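Data first, discussion second: the structure below is written as structure tokens.
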Amino acid sequence: HEHMLPSLHEARPLERFAQVKSKALNIFSTLIDSLKQSEHFLSTQRRHPKIKGDLLIQLVDDNTKVVSEWVSQAAGIKDIISRRQMKIVFFGRTSNGKSTCINAMLREQVLPSGFGHTTCCFCSVVGSEEREGYMELVGPSDKGEKLPLTSVDQLVNALQDDKLDAGSIVRVHWPKEHCELLRYDVELVDSPGIDIDDYTDDWIDKHCLDADVFVLVANSESTLMRAEKRFFSTVAERLSSPNIFVLNNRWDMPAATKEAAKIRHQHIERCQEFLVKELKSVDLFTAKERIYFVSGKEAVERRTSVKQISSVDNLAVERKFEFERFELKLLECLSTSAVRTKFSKHIQKGVEVVDSLEQLMREIEQQAEDHLKALLRDQTECRESLRLMEERRLELIQVQEGEAGPLLIQARNIVCDICRR
Ligand code: GDP
């Protein structure tokens, strides 16, 4: 890990995640190769002429099984890492502009906006290598059916599907070549309006536990609603120190009024109070970097070339810069959080596997050494016993010859006598 740090520091925030991911994938490929070699080595030992005896064969079989399990574990982890994404979840009341802000970040009209309550399930956007976008309905009874997606209307129809509820998700796979953000493995999730029902616990379990950053899209024309606050309080109970950004959206409306400065000040105070005192998720200094006043509508219009802002409209230019500042801080926080949390559990498991493999190989080496020593000891003992036996045999022969000697002479004399006669 330390070995990775210098180059990663220089990388742009989102590239850092991609670099760690690719290094982790390389390391796991090497680990899988080593494990497979160990597995092969152990499985060939079973047929080794010196491995005899049920106990020894059983030991080799058990070790081979353990290493085979590590191979599949490491392959599973590699697969999980390859699918790891940085996840941003957008929450807020219906019509506050969640879909609009997501489209602005994607720089394309991917999600339908302005449809009010019709979106009653989660909808996420992820990058796809394919040239055409497609969607996948993942509901309790759906098995991830792929559907073509050529127009926003199709997506609207999919989101209105009666079968889908707040536990379901419509996953839009959008060509990476269209959106830079998607090229960096970012997943953007749009949620049903916080005001529509009270499935919040279920939502958090299903869609939020692996979120790196939450964006509360608030309406700057009104104050934060109790439902919005309650939802994030539950999030903060379930996830320790969640990263929450507050977008005071629709700022193009109050910004033009005489009261703008006062309204802004009030929003800042209330949002800070919410993040620092109520949620206790950040300190005051960090909270200042988590609250923004933007116009998602202007941002999306500008970025999709529907409407450019006038350079003499200072307030619009200010909102443009504020949206850019929000994106920069959000992506920095996203990548830092994702690098810290998305791989650590798996890398830790990989380290455990390497340690266990080393331990096993040491044990095998020790067992082989003990076995060899035992063989040598047996050989020496055998050699000694044989030598003793040989000595004993010679002694016996001598004894036998000693006792049989006179008899032999007598017998030989008798034979000579007979012959002479
Ligand atoms: P969602 O339900 O939270 O996803 O809200 P949408 O993104 O669908 O937006 C609801 C409506 O508000 C749409 O008609 C948008 O064009 C409009 N809207 C979104 N953001 C802004 C904004 O910053 N300013 C203004 N004036 N209108 C906005």
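Touching a strand residue (DSSP E or B) at 6+ places or on another chain (Cβ under 8 Å) and within 16 Å of the ligand (Cβ to nearest atom) - does that describe any residue in the range 269-285? No: zero hits.
Could you tell me which of the residues Leu137, Leu155 is part of a helix (DSSP H, G or I), away from the ligand (no atom under 12 Å from the Cβ) and either surrounded by 14 or more Cβ atoms within 10 Å (Cβ to Cβ) or at pLDDT 80 or above (or both)?
After ruling out the rest, the residue left standing is Leu155.
Is the range 101-115 home to any residue that is more than 16 Å from the ligand (Cβ to nearest atom) and either modelled with pLDDT of 90 or more or on the phi < 0 side of the Ramachandran plot (or both)? Steps first, please.
Within the range 101-115, the first condition is being more than 16 Å from the ligand (Cβ to nearest atom), and the residues that meet it are none.
No: zero hits.
In contact (Cβ under 8 Å) with a residue 40 or more places away in the chain and surrounded by 22 or more Cβ atoms within 10 Å (Cβ to Cβ), is that true of Ser241?
Details: in contact (Cβ under 8 Å) with a residue 40 or more places away in the chain: yes; surrounded by 22 or more Cβ atoms within 10 Å (Cβ to Cβ): no.
When the stated conditions are applied, Ser241 does not pass them.
Contact map, the range 325-349: residues that are at positive phi paired with residues that are buried (at least 16 other Cβ atoms within 10 Å of the Cβ), Cβ distance under 6 Å, separation 6+ or inter-chain. No pairs are found. Restricted to the range 188-203, and to residues there that are modelled with pLDDT of 75 or more and surrounded by 14 or more Cβ atoms within 10 Å (Cβ to Cβ), the residue that is farthest from the ligand (Cβ to nearest atom) is Trp203.
The values are calculated or read from the model by the stated rules, or taken from the named source; none is laboratory data. Nothing here was measured: the structure is a model prediction, and the numbers come from that model. When we count neighbours, we look across all protein chains shown, and the Cβ atoms used for this are built from the backbone with ideal geometry, even at glycine.
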